[in-house]
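See below for the structure under consideration.
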Amino acid sequence: MNAVGAFEAKNHLGQLLDAAERGEETLITRHGKPVARLVPAEPRIDRGETRAALARIGDRAERAKLGAFDWEEWKAYRDEGRP
């Protein structure tokens, strides 16, 4: 995340908006203290990153050898102690 002073942000607003369109965040400071964040209006989703995360989750599950998910068992846990 980039950090810019308020004066610089005012003078370069167009460039900061272009950066926000590309998905970058900018921290705006006043006298060195953070006061605002300029962020993209729509969150940027990196599909490659998402697929890689899902693959890591799948690999961990495979290594843990958890077996098949048993819905009936979990429903029994959920209902345990209910009247």
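The values are calculated or read from the model by the stated rules, or taken from the named source; none is laboratory data. Predicted, not measured: the structure shown is a model, and the values here were computed from it. Don't worry about glycine lacking a Cβ; one is built from the backbone with ideal geometry, like all the others, and counts go over all protein chains shown.
Here are some notes:
- Among (1) of a type in the set (D, E); (2) surrounded by 10 or more Cβ atoms within 10 Å (Cβ to Cβ); (3) under 25 Å from the mean Cα position of the chain (by Cα) - the single one E8 does not satisfy: (3)
- Some residue of the range 36-56 being basic (K, R) and over 26 Å from the mean Cα position of the chain (by Cα): no
- Flag for G67 being part of a loop (DSSP other than H, G, I, E, B), surrounded by 10 or more Cβ atoms within 10 Å (Cβ to Cβ) and modelled with pLDDT under 95: no
- E73 assigned to a loop (DSSP other than H, G, I, E, B), of a type outside the set (G, A, S) and free of Cβ contacts under 8 Å to residues at least 24 places away in the same chain: no
- Residue count for the range 14-48, restricted to those that are assigned to a helix (DSSP H, G or I) and exposed (fewer than 10 other Cβ atoms within 10 Å of the Cβ): 3
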